[in-house]
């Protein structure tokens, strides 16, 4: 009970920080996306390919979380965009205060940013409980995992706006029923958007990039409208 | 700080329960193995195939953990061995008291058991901190994940006796460097045993089954020696 109370306190303090962050992101028209999956579902690969596919004028930054190592930041830095590794040293999720600190360390004015990608710790469980002020959580699941993952990890599928089914180029080699995976996700979250993608196949990210561009446009327009009416 | 103190208290209480469990397991010659990996690395598939490959006289039970659903218990039950699902309802790891409860619910006398397989929650982070009284932790990593996982999740690689590199039948289709993965694991844990396996290829589990039989024999003999000398 004592443990539960402290957990509740930690979560409500996090929520306060997250709301502050969200307000700043929205006021500046920055689209913030929080990527969550198991280790190995392809978050870093997707981000690398996405960064390379964005128009060079896009103003992007990346915060990438890991328990140890800055391997992911090094991989992402190759695309030439500002990136900061958040090494949690054991903690199994990112929280709002780590995002605040990461943004300070990046030293970027939010007014100079179009998109912020946050790559969470590889964990389908704990990151679901921590709001980071993002516009949307995106859950990734690869076709080398099980179709029943949405049922086993319902919280993250319920809370994510988009489900990216990754590595679909491997479908011929694995016993994965993609329709069943989508049906399971919709059992948990009927209105969920679902996109099948492959970071290595030609055109495998087109639908995802379309989704991303639409969301970036909406974030920009919504900030403009707000500044005109205020 | 308050949070840290409570976490320390929870862990030391768990350690007490785990030591009690370990003593009982050893006295009865029961080999207990705690399987840990990300969701989708192939824990359930490995257990299913392993159960089917064991001599029918082997006395085995399985405790399988999940946040939600009893899908894994249903899959494993098909092999005809006693299995109990532990549904944690949100908690991201199994702990000693869940094992005690699971064993009571299985209703098996430890004297009538050769092996207990514990399939932990799909999570490479939190389960590493909780001793379940097992003889050994076994970490699984599939070739569809990244070679650098041992460096990113060092705790579980440090604490596991055996690293099972799974789904090696997919190596021709994925850009995975198995030698690099093994080298990374040995950086963290030089004496680690490593076995490459495939639950779907012919003979793909032979080396793993050999390891398992040797450990079962050792557990039985060590209990016998203890009872003769006591």
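Which translational diffusion coefficient, to the nearest whole µm²/s, is obtained for the protein assembly as shown from the Stokes-Einstein equation, given a Kirkwood hydrodynamic radius over C-alpha pairs, 20 °C and 1.002 mPa s?
On the way: Rh = 23.2 Å.
Answer from the Stokes-Einstein relation: 92 µm²/s.
Computed from the alpha carbon positions, the gyration tensor of chain B leads to an equivalent ellipsoid with semi-axes of 26, 22, 18 Å, biggest first. Against the empirical 2.2 N^0.38 Å (N residues), the stretch A:52-187 has a Cα radius of gyration ratio of 1.14.
For the stretch A:79-144, the equivalent ellipsoid derived from the Cα gyration tensor has semi-axes of 21, 15, 12 Å, listed largest first.
Please state, to two decimals, what the Cα-based radius of gyration of the stretch B:142-215 comes to when divided by 2.2 N^0.38 Å (N = residues). Mind showing how you got there, number by number?
On the way: Rg = 12.2 Å, N = 74, 2.2 N^0.38 = 11.3 Å.
Its radius of gyration relative to the 2.2 N^0.38 Å reference: 1.08.
Comparing Cα centroids, the stretch A:75-133 and the stretch A:172-230 end up 20 angstrom apart.
May I ask you to order B:37-43, A:26-32 by the average number of other C-beta atoms within 10 Å around their residues, highest value first? The partial results should precede the final answer.
Numbers: B:37-43: 27.7, A:26-32: 20.4.
Result, highest mean first: B:37-43, A:26-32.
For residue A:91, the point set 7 Å out from Cα toward Cβ sits 2.3 nm from its twins in the other copies, listed from shortest up. Per-residue extension of 0.36 nm, minus the Cα-Cα distance of residue B:193 and residue B:91, leaves a gain of 33.8 nm for this segment. The mean number of Cβ atoms from other chains found within 10 Å of a Cβ in peptide A:64-73 is 4, as a whole number.
The protection proxy used here, the mean number of other Cβ atoms lying within 10 Å of each residue, ranks peptides A:86-97, A:181-192, B:110-121, A:102-113 as follows, highest first: B:110-121, A:86-97, A:181-192, A:102-113.
Calculate for chain A the 222 nm mean residue ellipticity that helices alone would give, adding -39,500 (n - 2.57) per DSSP H run of length 4 or more and normalising by residue count, nearest 500 deg cm²/dmol.
On the way: 8 runs with 100 residues, N = 230.
Theoretical 222 nm ellipticity from helices: -13500 deg cm²/dmol.
Each copy carries a label point for residue A:104 at 7 Å from Cα along the beta-carbon vector; from one copy to the others these points are 4.8 nm apart, nearest first.
Inter-chain neighbour count for A:137-148: the average number of beta-carbon atoms from partner chains within 10 Å of each residue's beta-carbon is 4.
Diagonalising the gyration tensor over the Cα atoms of the stretch B:109-188 and scaling each eigenvalue by 5 before taking the square root yields semi-axes of 26, 15, 11 Å, largest first. Peptide B:160-172 is shielded by partner chain Cβ atoms: per residue, an average of 1 of them sit within 10 Å of its Cβ. Looking at the stretch B:1-93, what % of the alpha carbon pairs are farther apart than 20 Å? The answer is 50 percent, as a whole percent. Across the identical copies, the 7 Å label point of residue B:224, projected outward along Cα→Cβ, sits 8.2 nm from its counterparts, in ascending order.
Values in this text are rule-based calculations from the coordinates and carry no lab data. The model shown is predicted, which means the values in this text are computed figures rather than measured ones. Neighbour counts are summed over all protein chains in view; Cβ atoms, including those assigned to glycine, are modelled from backbone coordinates with ideal geometry.
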